[in-house]
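The structure appears below as structure tokens.
The values are calculated or read from the model by the stated rules, or taken from the named source; none is laboratory data. Computed from a prediction, not measured in an experiment: that's the story for all the values here. Counting neighbours? That spans all protein chains shown, and the Cβs are built from the backbone with ideal geometry, glycine included. Heavy atoms of the whole protein, side chains included, go into the accessibility calculation; ligands, DNA and RNA do not. Shrake-Rupley method; radii C 1.70, N 1.55, O 1.52, S 1.80 Å.
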There are 2 protein chains.
Amino acid sequence: MHNKNVISLNTHKSNCGSDHPVCQACEVRACGMCSELDTDNLHELRKITRLKEYKAGDQIFCDDEPTENYATIKNGIVKLSKILPDGRQQTIGLGFPPDFIGRAFKDKNSSFASALTDVTVCTFPRELFNDYLKATPTLEHKLFELTLNELDSAREWMLMLGRMTALEKVAALLLNFSERLHNARLLQGLESEKNKFELLLTRAEISDFLGLTIETVSRQFSLLKQKNLISIQNQRFIDITDRPALDKLAGHENY
Amino acid sequence: MHNKNVISLNTHKSNCGSDHPVCQACEVRACGMCSELDTDNLHELRKITRLKEYKAGDQIFCDDEPTENYATIKNGIVKLSKILPDGRQQTIGLGFPPDFIGRAFKDKNSSFASALTDVTVCTFPRELFNDYLKATPTLEHKLFELTLNELDSAREWMLMLGRMTALEKVAALLLNFSERLHNARLLQGLESEKNKFELLLTRAEISDFLGLTIETVSRQFSLLKQKNLISIQNQRFIDITDRPALDKLAGHENY
DNA sequence: ATCTTAAATTGACATAGATCAATAATATCG
DNA sequence: CGATATTATTGATCTATGTCAATTTAAGAT
């Protein structure tokens, strides 16, 4: 059922130009970094791209090793994290399709990227891509906009990390996740109910994101259930039953 | 003495081209967003710029009001912050010369900016600047690089906010501040000892930055003094007396 | 189905940092 | 220069979250 929808979307896309077959079939052709490129430029870029797949848990790139590739996320969720010398870890971002991963114009990533779910990405060799980027203002412009969005959300999370209580943090995460998963599903042409979703993160991953411990996260879930703001099936399937209350907890101005 | 140095630097700059007088005298001509522009383009941009001064404490722009202007910081330090509906506040960044402030391509800022010290900025009207930016790839490229740096440092602070202890946070702040003030002074052609600087933030401002309370920050300062890692004169003038130890506390890999 | 393993929950307790309150240092103003 | 206001420090608690440990739940393997 899911696959059928994806295919029909792709079929639809094939009407709109003479893109390379790989790009024609691309889930994020319309919204990713490449969306600003015309067919000719896309053909050019296509020459240096390669599809890559990762299993949930795989490391995609790592802090200290030089970046060989950049990538656009086609499918799945990528976790970006940082780590202190003694091992304390902090998730600093989640990448959903069609986010770009890697640090443009630098040969080092200052973070780790790993696959939270199974992930498919479209990769570009660093040097070539940097050159192409500098030579292609429309592409650079689009990537700049993606980067500005990331900066916005990083700052949003700084407020959360610095000033929210554990309960508020969990509420904010659920809302954020609900939103982004919803968008990702629509992107794939899937049906999607905003308030119902599978929580793809383990409690450990959530606690890394929120700057909390597993136990504290778990207690907040129990609290939210007890207050009837959410219900959970099998510890993974979330149903937001009182979004206004959750919004209020998360500090959203208009709920 | 300080002023003498500034003047001599400006005099020096006047040799290097036919920039508009205002730009010739600009403290950040060589390193800011404009550094990538040749004289012709600079003349073009100059037409829409206006110098603006703020006193310490002044609000520069605010969350909900539409952005009228962007700006490049010429002098002083700008605080960026976010605020929860109930008033809890979190500083999400400090702007030093030659940082850009404002959210390119959007008509809303998602944060507040205020002057931490007396501040001089060079402002650009939003609409005009956005247009000029899109039409001038070298400028956009430079601004993109500045933005990437900001993203890097936002993520650095996320790790700090989420995973560091109060003592570590204060150590990290001191080192960060020492570095940035040092650079800002060199930029102005001033003598600068990296380990000695005036802490321009009040305890309240520091605690907003670190996600702590005033009292906790104060206690950590006392601890650092007691351990002989720093000494403080008049609660404002910091001397880092044991940088390696401070680096270690702040989780810097190589100290 | 049953066994095994991993993940999540819950409880008891410890602690870092918050809160409240008093004092001390510094800056400001007449 | 002294009086007043602001900011920082320090002390005594309190509390949210962390830590450690025991159970429960779910998932996977045979």
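What's the angle, to the nearest 10 degrees (0 to 90), between helix B:166-187's Cα axis and the longest principal axis of chain B? In chain B, helix B:166-187 runs at an angle near 40 degrees to the longest axis. Here the convex hull built on the C-alpha positions of the range B:2-154 has a volume of 111 cubic angstrom per residue. Its Cα centre serving as origin, the range A:52-190 has a Cβ charge dipole (Lys and Arg +1, Asp and Glu -1) of approximately 260 debye.
Ranking A:SER111, A:ILE60, A:ILE83 by Cα position along the charge dipole of the range A:2-159, where only Lys, Arg, Asp and Glu carry charges on their C-beta atoms, puts A:ILE60 farthest toward the positive end.
Lysine pairs in the range A:100-255 whose alpha-carbon atoms fall under 24 angstrom of each other, counting only those eight or more residues apart or on distinct chains, come to 18. The charge dipole of the protein assembly as shown, taken about its Cα centre with unit charges on the Cβ of Lys, Arg, Asp and Glu (plus for the first two, minus for the last two), comes to roughly 940 debye. Within chain B, the longest run free of trypsin sites (Lys or Arg not before Pro) that sit in a DSSP loop with at most 11 other Cβ atoms within 10 Å is B:56-255.
With the label put 7 angstrom out from Cα along the Cα-to-Cβ vector, B:ASP152 ends up 2.4 nm from the copy partners, going from closest to farthest. Taking only the Cα atoms of chain B, the radius of gyration and Dmax are 19.1, 57 Å. Extending 7 Å from Cα along the Cβ direction at B:GLU253 and again at B:GLU145 yields two label points whose distance is 2.3 nm. Straightening the chain between A:VAL22 and A:ASP152 buys 43.6 nm, computed as 0.36 nm per residue apart minus the Cα-Cα spacing. Here each label is just a point 7 Å from Cα along the line to Cβ, and for B:GLU193 and B:ARG236 those points are 1.8 nm apart. For a straight C-alpha distance cut-off of 17 angstrom, the lysines reachable from B:LYS55 (same-chain residues fewer than eight places away being disregarded) are B:LYS74, B:LYS79. Normalised by 2.2 N^0.38 Å, with N the number of residues, the alpha-carbon radius of gyration of the protein assembly as shown equals 1.02. For the range B:164-249, the alpha carbon positions stretch 36, 25, 24 Å along the principal axes, listed from largest to smallest. Across the identical copies, the label point of A:LEU200 (7 Å from Cα in the Cβ direction) is separated from its matches by 4.3 nm, in order from shortest. Distances, shortest first, from the label point of A:GLY87 to those at the same position in the other copies read 4.2 nm; the point lies 7 Å along Cα to C-beta.
Model label sites at B:THR39 and A:GLU179, defined 7 Å from Cα along the beta-carbon direction, differ in position by 4.9 nm. To test your reading of the geometry: what angle, between 0 and 90 degrees and rounded to tens, separates the Cα axis of helix B:214-226 from the longest principal axis of chain B? So the helix axis and the longest Cα principal axis differ by about 70 degrees. In terms of overall dimensions, the C-alpha atoms belonging to the range A:91-165 reach 46, 27, 22 Å along their principal axes, ordered largest to smallest. Of A:ASP242, A:ASP86, the residue with the largest accessible area leads and the full order is A:ASP86, A:ASP242 (1.4 Å probe).
Kindly express, to the nearest 10 degrees and within the range 0 to 90, the angle between helix B:126-135's C-alpha long axis and the longest C-alpha principal axis of chain B. With both axes taken from Cα atoms, the answer is about 70 degrees.
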